[in-house]
Every structure is written in C-alpha cells, then in structure tokens.
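J.: Starting off with a structure, shown below.
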Amino acid sequence: MWTMLDGFQNLAKSEIDSLVEAPALITILIGAADGELDPEERKWTERLLRTRTYNRPKELNEYYRVVVQDFWEKVQAFMASLPVDAADRNEAIAARLEQLNPVLAKLEVDLASDLYQGFVGLAEETAKASGGFLRMGAISAVESKWVNLPMLVPIHHEHEDEQVDSED
C-alpha cells in the first residue's frame with residue numbers, strides 16, 4: 001500500500017512508515033509540549049490533516065490519505081510508548097524526527113520540500129490551535145522551542161525563485 005505512493009518508490013517500507021508517522025509525532029511534540037494534547041489541538045490538527053488529502057500537490061494527496069487513516073490511534077499508541085515527562089518525550093520525538101533527514105534527502109527535491117513545508121505548517125497550526133485571542137499569540141514558550149522543527153534540515157523547492165517571479 002505505502003509503496004504505491006507516487007514519488008516514494010525508491011524508499012524502503014520502513015522509511016515510508018517513518019514519513020507516515022511524522023505528522024502524529026509532530027502533533028504530540030507541539031500539542032503536548034506543555035503536558036498533554038487538549039481537545040482543541042486535537043480537533044484543529046485532524047481538520048488540517050483532512051484538508052491536506054485534497055488541498056496539496058497531487059503527489060501528497062494520497063500521502064495525507066494514508067496519514068489520516070487511524071491517525072488518533074497512532075497518536076495514542078505513541079503517547080503510550082513515549083516517556084511521560086514532556087521534556088523527555090520531546091527529546092525522544094526530536095531524535096526520531098531527526099532520522100527523517102536522510103529519508104527526505106532520497107526524495108525528489110520538490111516532493112521533499114512539500115513534505116518539509118507541510119511538517120512545519122502542521123507544527124505551527126498545532127501550536128496556534130489552543131490559547132490566545134483568535135489563535136493569535138497562542139504559541140507557548142515550550143512550543144516555540146520546537147515549532148520550527150529544528151531537528152529537520154530545511155528543504156526548499158529547486159525553482160522557488162522562478163515561482164516567486166511568475167507570481168508577480
């Protein structure tokens with residue numbers, strides 16, 4: 001099933017699995033950075049991921065369809081297997097996410113960039129999901145340490161400059 005994802009054919013099943021698990025880990029990292037996932041963070045993250053099943057570059061639509069399958073079961077399983085202490089849990093998740101760097105490097109650069117941007121966007125939206133006024137100023141100090149996913153090497157589109165020029 002995973003190997004049917006466009007653009008992921010040159011990855012091992014374990015590498016694809018790690019990419020599919022990443023949104024659940026990011027949700028826990030950011031949403032539970034302050035202790036536990038609250039219902040608003042959960043609702044917002046699920047809504048965001050579901051929109052990505054049709055609102056992304058074509059190659060990623062199917063990826064997000066796979067991601068949203070049993071998403072909360074994955075989150076709960078990770079929460080049960082990760083350290084209870086938030087700081088320890090965040091370090092464990094950061095170490096797992098850091099292992100995505102060589103996997104992303106194997107992908108075509110535009111696909112890897114879309115995944116990376118999606119991961120960072122998910123982190124930002126999860127951080128803003130609860131607190132603040134109209135979700136502004138909602139990122140806590142603990143979340144701000146992780147929200148830019150510093151364990152991942154930033155990846156940018158090969159033709160980003162051309163895209164900006166064509167939008168003018």
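Read-outs: derived from the displayed coordinates by stated rules, not from any lab. Predicted model, so just to flag it, every value in this text is computed and none were measured. Every residue, glycine as well, gets a Cβ built from its backbone with ideal geometry; the counts of neighbours run over all protein chains shown.
J.: Would you tally the net charge around GLU108, using a Cβ to Cβ cut-off of less than 11 Å, leaving GLU108 out, and scoring K and R as +1, D and E as -1?
T.: On the way: positive: LYS106; negative: ASP6, GLU59, ASP110, ASP114, GLU158.
For residues surrounding GLU108, the net value is -4.
J.: Would you order VAL68, VAL75 from fewest to most other beta-carbon atoms within 10 Å of each residue's own beta-carbon?
T.: Numbers: VAL68 16, VAL75 21.
The fewest-first ordering by Cβ neighbours comes to VAL68, VAL75.
J.: Expressed in nm to one decimal, what extension gain is obtained for the pair MET79 and GLU36 from 0.36 nm per residue of sequence separation less their Cα-Cα distance?
T.: On the way: separation 43, 0.36 × 43 = 15.48 nm, distance 0.93 nm.
Between MET79 and GLU36, full extension yields 14.6 nm more.
J.: Hey, what's the Cα Rg ratio for the range 1-109 versus the globular rule of thumb, 2.2 N^0.38 Å?
T.: Details: Rg = 14.1 Å, N = 109, 2.2 N^0.38 = 13.1 Å.
With N residues counted in the range 1-109, Rg over 2.2 N^0.38 Å equals 1.08.
J.: Then there's this: Here is the link list: LYS58/LYS128; LYS13/LYS74; LYS106/LYS145; LYS43/LYS74; LYS43/LYS128. Which ones come out longer than 21 Å on Cα distance? Before the final figure, lay out each step's value.
T.: Numbers: LYS58/LYS128 27 Å; LYS13/LYS74 17 Å; LYS106/LYS145 27 Å; LYS43/LYS74 15 Å; LYS43/LYS128 12 Å.
Distance filter (> 21 Å) returns LYS58/LYS128; LYS106/LYS145.
J.: Could you give the nm distance between label points at VAL153 and GLU108, where each point is 7 Å from its Cα heading toward the beta carbon?
T.: Placing both labels 7 Å beyond Cα along the Cβ direction yields 2.1 nm.
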